[in-house]
Amino acid sequence: MKNGRLIVAASEIDADMLYASGFSAPDPFVWFDCTNKKQGIILSTLEYGRALGSAKKGVEILNIDDFFPDEQTDKSTEKLLIALAQKLDIGKFEVPRNFPLFFADALREEGIQVVAGESMFFKERGCKTKQEIEYITEGLRAAEQAELRVADIISEASIATDSTLDWNGETLTSERLRYEIEIKLLEFGGKSDMTIASSGKQSAEPHNIGTGPIYAGEPITVDIFPRISHTGYWGDITRTFVKGKAPDVVKRAYEAVKAANEESKKMIAAGIKACDVHFRARDVMLSYGFENGRSDKGNYGFIHSLGHGVGLDIHEWPRMNAVNDVPLKAGEVVTVEPGLYYPEWGGIRIEDMVVVEEGGCRCLNSIDTYLEIP
């Protein structure tokens with residue numbers, strides 16, 4: 001009997017399925033690979049015709065009805081998987097680690113082995129092709145346009161007597177900034193959930209999306225990460241602004257983070273360990289006097305990893321953190337996002353995206369980095 005690989009998922013939310021099939025669908029369907037010689041997807045009649053024109057080249061498109069006699073009424077997914085294994089003479093399936101347990105149990109009851117694959121089900125997803133880099137850049141450009149929209153709004157806003165920002169006759173809030181960001185992303189075919197537009201002390205929590213009024217003289221962290229609908233690839237950028245004059249500690253933290261960002265990009269190259277770049281960023285910020293630690297208010301300083309891979313997932317391999325000692329590879333696309341966070345006043349983060357290359361890296365960003373907006 002043969003070995004095979006198997007995925008059951010909706011490709012609109014499962015990056016491995018989208019990568020394997022090239023077909024975007026909201027409902028789960030089946031992808032299989034029989035000893036790397038025969039790949040196919042199995043779909044309902046509803047999606048069969050659409051897949052014929054859009055699935056990845058080399059992937060066979062099959063209709064679920066082809067696996068059952070006309071009189072059979074039970075065409076459930078578990079029955080389909082058993083029929084597929086019998087038709088291809090497969091005795092063992094390798095599946096992703098998030099494979100549904102119910103389907104695994106159904107296969108095992110029929111004597112078919114099901115084993116979890118490695119954490120990267122498709123290792124080739126790590127190093128991006130030229131086309132994939134173009135798709136990622138498209139996502140980044142959408143995010144940059146939204147970031148520029150934010151900067152324009154902050155510039156247009158006036159400062160009220162209570163130091164809140166007034167824009168178009170209303171108090172500017174994190175919620176309104178996110179709304180404006182989402183509208184701009186839609187113009188470029190992108191969509192972003194959980195966009196971060198946090199200000200003041202809220203920005204000391206890296207994933208706090210922000211609520212309420214925005215004030216002059218406080219850091220405004222804007223992290224935008226859209227997924228482009230027609231490709232499925234993501235972009236990611238963060239900028240930190242201050243309306244008016246920034247306090248001295250915020251200015252110094254900004255300079256430290258900016259220096260760490262720039263030094264990291266100088267260091268990134270194929271063959272360099274991800275953890276070494278992370279530690280270099282940490283050391284640069286320490287040299288500016290920004291310590292890391294924990295108080296009764298929580299952790300402070302540089303409290304997250306330097307970055308992460310981006311592609312069909314917003315967070316994917318490689319992880320640019322303290323424990324990843326695997327050398328970077330040419331073609332990997334990673335974020336470089338050092339940050340400093342202090343509960344007393346807020347946080348600073350500057351995030352760029354780069355392509356790892358032999359002898360260095362190529363920054364994909366096209367917009368400037370600055371702190372104060374008059």
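Under 20 Å from Q131 (Cβ atoms), in contact with a His (Cβ under 7 Å, 6 or more places away or on another chain) and part of a strand (DSSP E or B) - does that describe any residue in the range 318-334? Checked the range 318-334: at least one residue is under 20 Å from Q131 (Cβ atoms), in contact with a His (Cβ under 7 Å, 6 or more places away or on another chain) and part of a strand (DSSP E or B). Would you confirm, using the coordinates I've provided, whether E332 is acidic (D, E), touching a Pro at 6+ places or on another chain (Cβ under 8 Å) and over 22 Å from K251 (Cα atoms)? For E332, the condition - acidic (D, E), touching a Pro at 6+ places or on another chain (Cβ under 8 Å) and over 22 Å from K251 (Cα atoms) - is met.
In the range 51-77, the residues that are closer than 19 Å to D27 by Cβ form no Cβ pair under 7 Å with any partner that is modelled with pLDDT under 90, whether six or more places apart or across chains. For the range 274-295, the criterion of being open to solvent by less than 50 Å² (accessible area, probe 1.4 Å), in contact with a Pro (Cβ under 9 Å, 6 or more places away or on another chain) and modelled with pLDDT under 95 is met by at least one residue.
Taking the criterion of being open to solvent by 70 Å² or more (accessible area, probe 1.4 Å), part of a strand (DSSP E or B) and not acidic (D, E), the only residue of the range 145-170 that qualifies is I159.
All conditions but one from (1) outside any helix (DSSP H, G or I); (2) touching a strand residue (DSSP E or B) at 6+ places or on another chain (Cβ under 7 Å) apply to A142; the one that does not is (1). Could you please find all residues in the range 296-328 being open to solvent by 70 Å² or more (accessible area, probe 1.4 Å) and out of contact with any strand residue (DSSP E or B) (no Cβ under 8 Å at 6 or more places or on another chain)? Result: D296, K297, V323.
The set of residues in the range 205-233 being in contact (Cβ under 8 Å) with a residue 40 or more places away in the chain and open to solvent by 40 Å² or more (accessible area, probe 1.4 Å) consists of E205, P213, Y215, E218, R227, S229, H230.
The values are calculated or read from the model by the stated rules, or taken from the named source; none is laboratory data. Treat the numbers as computed from the prediction; the structure is a model and nothing was measured. With ideal geometry, Cβ positions are generated from the backbone for all residues, glycine too; neighbour counts draw on all protein chains shown. For the accessible areas, the whole protein counts, side chains as well, though only heavy atoms, and no ligand, DNA or RNA atoms are used. Shrake-Rupley method; radii C 1.70, N 1.55, O 1.52, S 1.80 Å.
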